[in-house]
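Below is one structure; the comments refer to it alone.
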Amino acid sequence: MIRVRFAPSPTGALHIGGAHTALFNYLFAKRLEGKFILRIEDTDKERSSKEYEEVILESLKWMGIEWDEGPYYQSQRLDLYREKANELLQKGLAYECFCTPEELKERREMMVKMGRPPKYDGRCRDLSEDQKRDFRAKGLKSVLRIRIPDGKSFLRDAVKGDVSFANDSLGGDMVIMKSDSYPTYNFAVVVDDIDMDITHVIRGDDHLTNTFKQMIIYKAFGKELPKFAHIPLLLGPDKAKLSKRHGAESVLEYKEMGYLSDALFNFLSLLGWTPKEGQEIFSRDELISMFCLAKLNSNPAVFDMKRLDWMNSQYIKNMDDQNLFYLAKAFYDKAGIEVVKDDFTLKAINLGKVRARTLQDLVIGTKYFFVEPELSAEEMDSINSNNSTALLLEKFLELLNNGYDSHMDLENKSREMVASLNLAFKDLVHPLRLLVTGMKVGPGLFEIVDALGKDIVIRRVSKFLNDA
RNA sequence: GCCUCCAUCGUCUAGGGGACUAGGACAUCGCCCUUUCAAGGCGGAAACAGGGGUUCGAAUCCCCUUGGAGGUACCA
């Protein structure tokens, strides 16, 4: 049974990079009918918060990344880590260290200054019982460090291929239990991954060094390694690791901007992976059925908003009007526009969806269906500047009152009318559009008029004619 | 500094020794359509970082250089 995990730490919202990692874990698990486990890594007492944790769960749900097990909380598994750490202590594979953070920092800086790589010097490796007693008597708290053996470690990574790493450059014997008797990240991860029978660890490239540290811990426990897959990081336009500096980065922010979960899911899947040449739009099921770890790219990808916009617009324009309504409802609400699901609203959505990149765009582009447009003085002037406008509008209202079969029919009748007056068609269309929608751009005018209905159009046009 | 990873159009990528005149998509430009803006259709411009090898033959394999990224904590 394949078992993978996504293990965010609740020290911030779920960001796009995290979602990308979660997504690949999810696709992999689904493809091989395995389990996707969610684990909250909240061993940083200072920075972890319940709020962030909730945001992460909500983000995953919105993305449609459902977990099969968990969430497990590391903060509730402290006894296990202590027990396992003690095991290593008993075996002599770990030892107590009384160096203070200040001392360590000082020594590190010194080493860097001397042009040497910063590394713990192992001075507490072989303390005598007397020495330890002295330290404790002075009130010093100890951490537990694991001994890092000499030599080189080899990793067969599912996406990177073979990587080797000298244990010597791992930074010296590493801390596994902090002085507050909480486990460190690397230790808790390994204890949990072993305990939870994780078979494949799929995580960001930035963990590559951690993997080599963790391999030491696996070895200390005499456990088999899971398969590792380090997927490339997502980059911002400046090619640096995607972060807050690049603007929107949290998953929920994309939701609020009006991106569809399906579109983001699709878009993120194609960052670092090509399921099939010549196709860009894939359903979740297609992505799951085609997923293959070995086909992931090993080079990092830039997160391109323009491409996301395009993909989102594809999903919007191909979605049926009813479903789009359900998704857009929240955005109308937020804009203070009251909408109900009726033919009128669905027609508005149908006309608007072709030119919307986001749900926000859709709301802006269909607002005039629900709210009387307001024209600026400048726009009024532009309408008034042509002295045949009033005549054209009056004639148009007559046509409208006389009835028509379809928007095509109405358009033909309008063209004939304008031609009979020897005037230009655009002199009718542009002012009419502005009066009816308050905008200079949008769907076909006669489709709008038809969808809006006679009453609304007559009201908006007459208001202008009467004021003039 | 040291360690590790990475390197094809601006961006996402196809490519795993000859099918490459390097293909597709987004973005961009032009044209068509047209009452506008989109959408759609058609077309254009646009890349193998550089240098050495290996080979009859290299975008593809190896090495070096350069560039970029990540890591280097009692953070995760």
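The values are calculated or read from the model by the stated rules, or taken from the named source; none is laboratory data. On a predicted model such as this, the values are computed, not experimentally measured, just so you know. Heads up, the Cβs are rebuilt from the backbone with ideal geometry, glycines too, and the neighbour counts pull from every protein chain shown. Heavy atoms of the whole protein, side chains included, go into the accessibility calculation; ligands, DNA and RNA do not. Shrake-Rupley method; radii C 1.70, N 1.55, O 1.52, S 1.80 Å.
Data for the structure
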{"read-out": "Tabulated pairs, region A:82-98, first closer than 22 Å to residue A:130 by Cβ, second open to solvent by 60 Å² or more (accessible area, probe 1.4 Å) and basic (Lys, Arg), C-beta under 8 angstrom, 6+ apart or interchain", "value": "A:94/A:147; A:95/A:125; A:95/A:147; A:98/A:141"}
{"read-out": "Pick from region A:260-274, criterion more than 14 Å from residue A:305 (Cβ to Cβ) and either modelled with pLDDT under 95 or under 12 Å from the mean Cα position of the chain (by Cα) (or both), ranking: nearest to RNA strand B (Cβ to nearest atom)", "value": "A:269"}
{"read-out": "Criterion: open to solvent by 10 Å² or more (accessible area, probe 1.4 Å) and within 18 Å of the chain's Cα centre (by Cα) - qualifying residue of A:46, A:54", "value": "A:54"}
{"read-out": "The listed residue being out of contact with any Gly (no Cβ under 6 Å at 6 or more places or on another chain), of a type outside the set (A, V, I, L, M), near RNA strand B (Cβ under 7 Å from one of its atoms) and open to solvent by less than 70 Å² (accessible area, probe 1.4 Å), out of A:317, A:329, A:306", "value": "A:317"}
{"read-out": "Neighbours by Cβ (under 8 Å, 6+ apart or cross-chain): first from region A:30-52, small (Gly, Ala, Ser) and at pLDDT 95 or above; second away from RNA strand B (no atom under 12 Å from the Cβ) and part of a loop (DSSP other than H, G, I, E, B)", "value": "A:34/A:1; A:34/A:2; A:34/A:199"}
{"read-out": "Qualifying residue in region A:450-468 (condition: without any contact (Cβ under 8 Å) to a residue 40 or more places away in the chain, within 13 Å of RNA strand B (Cβ to nearest atom) and open to solvent by 30 Å² or more (accessible area, probe 1.4 Å))", "value": "no"}
{"read-out": "Restricting region A:419-432 to residues that are near RNA strand B (Cβ under 10 Å from one of its atoms) and open to solvent by less than 30 Å² (accessible area, probe 1.4 Å), the residue that is farthest from residue A:353 (Cα to Cα)", "value": "A:428"}
{"read-out": "Single residue of region A:123-180 satisfying the filter (assigned to a loop (DSSP other than H, G, I, E, B) and under 27 Å from residue A:296 (Cβ atoms)) that is nearest to RNA strand B (Cβ to nearest atom)", "value": "A:160"}
{"read-out": "Of residues in region A:236-259 being open to solvent by 10 Å² or more (accessible area, probe 1.4 Å) and at pLDDT 95 or above, the one farthest from residue A:365 (Cα to Cα)", "value": "A:252"}
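For every residue, the table says whether it meets (1) within 16 Å of RNA strand B (Cβ to nearest atom); (2) assigned to a loop (DSSP other than H, G, I, E, B).
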site	(1), (2)
A:33	no, yes
A:44	yes, yes
A:54	no, no
A:60	yes, no
A:65	no, yes
A:79	no, no
